[in-house]
1. Output the number of residues of the range B:68-91 satisfying the condition of being more than 7 Å from chain A (Cβ to nearest Cβ) and either among the polar types (S, T, N, Q) or surrounded by fewer than 18 Cβ atoms within 10 Å (Cβ to Cβ) (or both).
2. Looking only at residues in the range A:1-41 that are open to solvent by less than 10 Å² (accessible area, probe 1.4 Å) and touching a residue at least 40 places away in the same chain (Cβ under 8 Å), which one is nearest to B:Ala61 (Cα to Cα)?
3. If only one of B:Leu65, B:Leu45 is at the interface with another protein chain (Cβ under 7 Å from one of its Cβ atoms) and crowded, with 19+ Cβ neighbours inside 10 Å, which one is it?
4. Which of the helices (runs of 4 or more DSSP H) contained wholly in the range B:1-93 include at least 3 residues that are under 24 Å from A:Gln49 (Cβ atoms) and charged (D, E, K, R)?
5. Could you tell me which residue of the range A:50-61 is nearest to the other protein chains (Cβ to nearest Cβ), considering only residues that are open to solvent by 60 Å² or more (accessible area, probe 1.4 Å) and touching a helix residue (DSSP H, G or I) at 6+ places or on another chain (Cβ under 8 Å)?
6. Is it the case, given these coordinates, that A:Gly113 is open to solvent by 70 Å² or more (accessible area, probe 1.4 Å), at pLDDT below 90 and part of a loop (DSSP other than H, G, I, E, B)?
7. Among the candidates B:Gly17, B:Gly55, which residue alone is under 18 Å from A:Leu124 (Cα atoms) and at the interface with chain A (Cβ under 8 Å from one of its Cβ atoms)?
Amino acid sequence: MEILFFLFSIVALAGAAGVVALRNPFYCVLSLVVHLIALALLFLLLEAQFVAVAQIVVYAGAVMVLYVFVVAYVGGGDKPAPLWRANAKQRALAIAFGVALFVELCVALLGTGLSSLDGDGAQLGAGYGSPGQIGELLLVRFLLPFELASFLLLVAAVGAVALAGRRPGIDDDDLPVAPRHGLVEFQRSAATGTMAEGVGGYGVTVPMPEPSEAVAAAHADGLPEQSVPAGEGTT
Amino acid sequence: MSVNWYLVVSALIFSIGAVGVLIRRNPLVVLLCLELMLNAGNLALLGFSRTWGDGDGQIFALIVLVVAACEVAIGLGIVVALYRKRLPIDVDELRELHG
């Protein structure tokens, strides 16, 4: 048990140090994956099976895939910008702050009079940490936080789409404007990520016809096109 | 295995994450270091939960997991929006919100 604890702790700490020290953001993400898996194993040692599995599935799986995609999209490795602060004094100050924080936390932890922290912990019931117990607690005793968490996830998902979605006005100001289509008269910039674009319908490769005067005026003023709801991409 | 050991490891990871937030300039890596700090908090919560022997701390850890996922989604959305506007991906140069 002790050997496992120290093994997993060392791996987790090495992963954490790698996140801070590695220069390439992609390697940072991979280092964090190692850290998260080691941490999930530590959770297992603490008899928290459900949280450990959730950690691996949600964090090391979903969230890290999101990170990898964004790192691949943004790049970050292409320009040799210095990743460390140029100011060495600031950096030394930051590290000193980290050491002080650790010492303070240790004083708080080890100087506490809570004798139960020194032992092996309480006697555990049969289903401690099992999905059954977690589900019962979530749906009976902590129902309100559970619902709030789901609401928070919904808000975050909508917010992320609104922030990252392609929409006219936020980018590609120099791109030509797609022609108007049939009955639905709306204006949008050419590259808005529609399916028609994907199959080469219009946009990047095909030269655009001249935009109408109204659209050209709107673009000259730099106004966002108000008739298009954000994220609207259908024709 | 005393719970104190877990708490010390948690404190170490938290400190490493705090140092990373302070010294890194790429907002993506700053977000990763925030993850480190949240995970250290999770480890401490599970340690305390083990100490008392009831599941409340585990529920707390799960909620922290949810909040961290939301934070990542919003943070990465902001990074992508920055990239779209061709702003520098560097927290030192992004001192103002230009709208």
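The values are calculated or read from the model by the stated rules, or taken from the named source; none is laboratory data. This structure is a prediction, so every number in the text was calculated from the model and none was measured. In this analysis, Cβ positions are derived from the backbone assuming ideal geometry, glycine residues included, and neighbour counts consider all displayed protein chains. Accessible surface is based on the protein model in full, side chains and every heavy atom, while ligands, DNA and RNA are left aside. Shrake-Rupley method; radii C 1.70, N 1.55, O 1.52, S 1.80 Å.
1. Final tally of qualifying residues: 6.
2. Residue satisfying both the conditions and the ranking: A:Phe5.
3. B:Leu65
4. none
5. A:Phe50
6. yes
7. Checking each option against the conditions leaves just B:Gly55.
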